[in-house]
1. Out of region 210-229, which residues are closer than 13 Å to ASP166 by Cα and not in a loop (DSSP other than H, G, I, E, B)?
2. Might you let me know whether region 5-15 holds any residue that is among the hydrophobic types (A, V, I, L, M, F, W, C), in contact with a helix residue (DSSP H, G or I) (Cβ under 9 Å, 6 or more places away or on another chain) and either part of a helix (DSSP H, G or I) or modelled with pLDDT of 95 or more (or both)?
3. Test LEU183 against the criterion of being crowded, with 16+ Cβ neighbours inside 10 Å and in contact with a Leu (Cβ under 7 Å, 6 or more places away or on another chain), and give yes or no.
4. State which residue pairs qualify: first residue free of Cβ contacts under 8 Å to residues at least 12 places away in the same chain and inside region 158-173, second residue in a loop (DSSP other than H, G, I, E, B) in any location, beta carbons under 7 Å apart, and separation of 6 or more residues or different chains.
5. Determine whether region 66-83 contains at least one residue that is among the charged types (D, E, K, R), crowded, with 22+ Cβ neighbours inside 10 Å and under 17 Å from the mean Cα position of the chain (by Cα).
6. When you scan region 199-235, how many residues do you find that are of a type in the set (D, E, K, R) and within 22 Å of MET25 (Cα to Cα)?
7. Can you confirm whether VAL103 is within 14 Å of GLN70 (Cβ to Cβ), more than 16 Å from the chain's Cα centre (by Cα) and buried (at least 20 other Cβ atoms within 10 Å of the Cβ)?
8. Being β-branched (Val, Ile, Thr) and in a strand (DSSP E or B) is the filter; apply it to region 173-209 and report the residue that is farthest from LEU144 (Cα to Cα).
Amino acid sequence: MSESAIPSKRPNPLRVLQLTDPHLMADPFGELLGIRTRESLDAVIDQVRGEGRVPDLIIASGDIAQDGSQTAYRAFRDRVSVFDCPVIWFAGNHDDVPSMNAVIEETESARRRVLTGGWQFIGLDSSVPGHVHGALSDDELQYLRDCLAECPKTPTLVALHHHPVDVGCDWMAAIGVRNGAELMDLLRRSPQVKIVLWGHIHQVFDRVEGHLRMLASPSTCIQFAPDSSDFAVDQRSPGYRWLELGPDGDVDTWVRRVDHFEMTVELDSDGY
């Protein structure tokens, strides 16, 4: 389903909410390219709660903090605590893994794998300290292989921060998963994997390849312009993604925007 599609009427689906790239800061009024990131996240959460659709799981797919501060991670933790469901966190390129782990250790958010509703959810750490691009370590890939081997018949969603395939923006080609081809080869050989989900690109992406649905979603703050050769900011509103999953592996998904959120984006920026 596309960004403008109507949600399905599937009876009793497993509902997953993706929130990505909030870029929170220790400063409650911290801005990213003209947007106060806590306020935009608050607007997203308020709209989700107003929909009347309750998530069974939330996937927070990286760049939780812009400044890597524990204060920012606590702010995110407190905001998503309004939902009575597990929340999976993993790091993006702006995150500080030790600071993030200090906030979520010994909580449900530290889980990297969830089995629920007939589905398996696996979160991967594609962050590379000190770099914008991503990569999956040998240990991370082995962890994925082990999870897939344990549940060969269970429909599976694999989530990470960086994009493992080309997304049509030339400037992003160098900042995806450097060994994305290795990851995708593994997933293509794993028919139980139905969805690959990521953040990082601050825009909607939806492509089907064989048994794989490849998805990315808008940020809860600023957006990047699709199909851009150089860094370019988009005027579209903050957003989030819903997924409704059936026990047979069927997938319905759509994106929502918070169009009522007032913002003035720095469109002439050459980076962030």
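The values are calculated or read from the model by the stated rules, or taken from the named source; none is laboratory data. Note that this is a predicted model, so its numbers are computed, not measured. Here the Cβ is made from the backbone with ideal geometry for all residues, glycine too, and neighbour counts use every protein chain on show.
1. MET214, LEU215, ALA216
2. The answer is no, given that none of the residues of region 5-15 is among the hydrophobic types (A, V, I, L, M, F, W, C), in contact with a helix residue (DSSP H, G or I) (Cβ under 9 Å, 6 or more places away or on another chain) and either part of a helix (DSSP H, G or I) or modelled with pLDDT of 95 or more (or both).
3. In short, yes.
4. Hits for this filter: ALA173/ASP166.
5. The answer is no, given that none of the residues of region 66-83 is among the charged types (D, E, K, R), crowded, with 22+ Cβ neighbours inside 10 Å and under 17 Å from the mean Cα position of the chain (by Cα).
6. Result for region 199-235: 1.
7. yes
8. VAL208
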